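Trainee: Okay, here's the structure, questions in a sec.
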Amino acid sequence: MTIAPSSLGRLFDGEGYEAPPIFMDGYADAFAAYLHRTTAQPIFFGGDVIAVLHEVPDESVDCCMTSPPYWNKRQYENGGIGLESSFDEFIENLLRVTAEVHRVLKKSGSFWLNIGDSYQNKQLLGIPWRLAIRMCDQQGWVLRNQVVWNKVKGSPDNALDKLRNLHEPVFYFVKSHNYYFDADA
């Protein structure tokens, strides 16, 4: 998954933060400097997700939120996650990412994961739950909630032999039972 900081600037104005978000292409030095800031502002790094996460220090992140590409749905110009030949390979690649997120997340941290499902040979694959269960069983994540994102109109779907998908799960994971949570935030 590659994110261009310039494209994030158009989508995110930083409203509600003490300062606007920081967009960076460098990793280790920039992140180290960021850790010493006194303002609360989001930081976005552009690049390959695994390469970026490798540069982030252990247990240095309070919260991570992501929504990886759907499997086998779109052709991305730079390749990456979502273009694997099988959904099993897709899940394996996502597990590599979530292992790195687990490493960089503080013990009190939170991880929010929005992931959509896909079909193969007219069968709904259950990718979100397959991934969530493996994250818990193999990586030690604690799944605290599944929030339902009601997409209202949903995605375009030309199939005439099933209902349209109008929701996606947003999973709330933590690393331990001693995590930080503020229901009023």
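Trainee: State, to one decimal in nm, how far the label point of S85 lies from the label point of Q138, with both points 7 Å from Cα in the Cβ direction.
Mentor: Placing both labels 7 Å beyond Cα along the Cβ direction yields 1.9 nm.
Trainee: Considering only DSSP beta bridges whose two residues both sit in region 58-185, what percent are antiparallel, to the nearest 5? All intermediate terms of the calculation are to be shown ahead of the outcome.
Mentor: On the way: 15 of 20 bridges.
Once the DSSP bridges in region 58-185 are tallied, antiparallel ones form about 75 percent.
Trainee: Right, next: Which net charge results when you count Lys and Arg as +1 and Asp and Glu as -1 among the other residues whose beta-carbon is under 12 Å from that of L143?
Mentor: Details: positive: R134, R144, K175; negative: D137.
Counting the neighbours of L143, the net charge comes to +2.
Trainee: Express in nm, to one decimal, how much length is gained between I50 and S155 on full extension, taking 0.36 nm for each residue of separation and deducting their alpha carbon distance. List each step's numbers first, then the result.
Mentor: Details: separation 105, 0.36 × 105 = 37.80 nm, distance 2.84 nm.
Working it through step by step, the gained length comes to 35.0 nm.
Trainee: Tell me, what HN-Hα J-couplings in whole Hz come from the Karplus equation 6.51 cos²θ - 1.76 cosθ + 1.60 at θ = phi - 60° for each residue of region 135-151, using x for Gly and Pro?
Mentor: Residue by residue, region 135-151 yields 4, 5, 6, 9, 10, x, 5, 10, 8, 8, 8, 10, 9, 9, 8, 7, 7 Hz.
Trainee: A follow-up question, please. HN-Hα J couplings of region 119-125 from phi, Karplus 6.51/-1.76/1.60, θ = phi - 60°, integer Hz, Gly and Pro as x?
Mentor: My calculation for region 119-125 gives 10, 9, 6, 6, 10, 5, 7 Hz in order.
Trainee: Note the full-extension length gain between Q41 and N78 as 0.36 nm times their separation in residues minus their Cα-Cα distance, in nm to one decimal.
Mentor: Numbers: separation 37, 0.36 × 37 = 13.32 nm, distance 2.86 nm.
Difference between extended and current length: 10.5 nm.
Trainee: Still on this structure: Which of K73/K151; K122/K153; K73/K153; K73/K107 have a Cα-Cα distance over 25 Å?
Mentor: On the way: K73/K151 17 Å; K122/K153 21 Å; K73/K153 18 Å; K73/K107 34 Å.
Pairs exceeding the cut-off: K73/K107.
Trainee: Once phi is turned into ³J(HN,Hα) by the Karplus curve 6.51 cos²θ - 1.76 cosθ + 1.60 with θ = phi - 60°, what whole-Hz value does each residue of region 94-99 show in order, with x for glycine and proline?
Mentor: 5, 5, 5, 5, 5, 5
Trainee: Further question on the same structure: Around W141, which amide H atoms from residues at least 5 apart in sequence, or from another chain, sit under 5 Å from its own amide H, with H modelled in the peptide plane?
Mentor: Those qualifying (amide H under 5 Å, at least 5 residues apart or on another chain) are C136.
Trainee: Once you place label points 7 Å from the Cα toward the Cβ at A183 and D58, how far apart are they in nm?
Mentor: Reported label-point gap for A183 and D58 is 3.5 nm.
Just so you know, all these numbers are worked out from the coordinates, no wet-lab data involved. This structure is a prediction, so every number in the text was calculated from the model and none was measured. We place every Cβ from the backbone using ideal geometry, glycine too, and count neighbours over all the protein chains shown.
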